[in-house]
Amino acid sequence: MACKKCSKYPVRRNMCNKCFVEWFEKSSRKEIRESGFKKNEKVHLIDTEDINYSVLRHIFEQVIKLPLTFTEDGKKIFPSSMDSEARDLLERFFKERKANTKSIHLLKNFEQDDIEYYAELKRINGRKKTYSDDTSILIKALDKNFKNIKTSLSKAQQSLKDL
Ligand SMILES: [Zn+2]
């Protein structure tokens, strides 16, 4: 089997490293475009002090090169992965935790493993995220039998945002 985009040997998601990077950047670009940022718009990229923040910062500065003004009173952008979105949705219902609905989540369509793999390929440093809480362990267990459960939960989290 070869990479689904070229004929090289696949290493991640049926893609070679080069195509994986292209896919990751193209998807991020699409997500950012759909969020409708304007040139020089004020944004506040929340520093979660981990690899997700570093990756999103890299995407903004090196990949899309959209001139934005980074300031504390701007539109809030939160670098949460699909894993966080799925966990947050379940916790809203089972632990009655408040949802983080006031911010834009630009990495929500990526699994945490893919974000970290991208970081590794691009040599982006940052603290890796671990999901060792009860809810994440439950999701991991379900994920073995229901392949798209994380995607489904993350999508539900988005559509229930205003609930
Ligand atoms: Zn390829």
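We did not get these values from a lab; they are worked out from the coordinates using the rules stated. Since we're looking at a predicted model, the values are computed, not measured. Methodologically, a virtual Cβ is constructed for each residue, glycine included, from the backbone with ideal geometry; neighbour enumeration extends over all protein chains shown.
Of all residues being under 30 Å from residue 14 (Cβ atoms) and of a type in the set (Phe, Trp, Tyr) in the range 60-116, which is farthest from the chain's Cα centre (by Cα)? Just the residue, please. Only one residue tops the list, namely 60.
Residue 48 is checked against (1) farther than 16 Å from residue 112 by Cα; (2) under 15 Å from the mean Cα position of the chain (by Cα); (3) away from the ligand (no atom under 16 Å from the Cβ); (4) without any contact (Cβ under 8 Å) to a residue 60 or more places away in the chain and fails just one. What number does that condition carry? Result: residue 48 passes all but (1). Could you go through the range 21-32 and let me know if any residue there is outside any helix (DSSP H, G or I) and not hydrophobic (A, V, I, L, M, F, W, C). No - not one qualifying residue is present in the range 21-32. Per the listing 26, 4, 18, the residue uniquely in contact with a helix residue (DSSP H, G or I) (Cβ under 8 Å, 6 or more places away or on another chain) and within 16 Å of the ligand (Cβ to nearest atom) is 4. If the condition is being among the β-branched types (Val, Ile, Thr) and under 18 Å from residue 111 (Cβ atoms), then the range 21-52 contributes 21, 48, 51.
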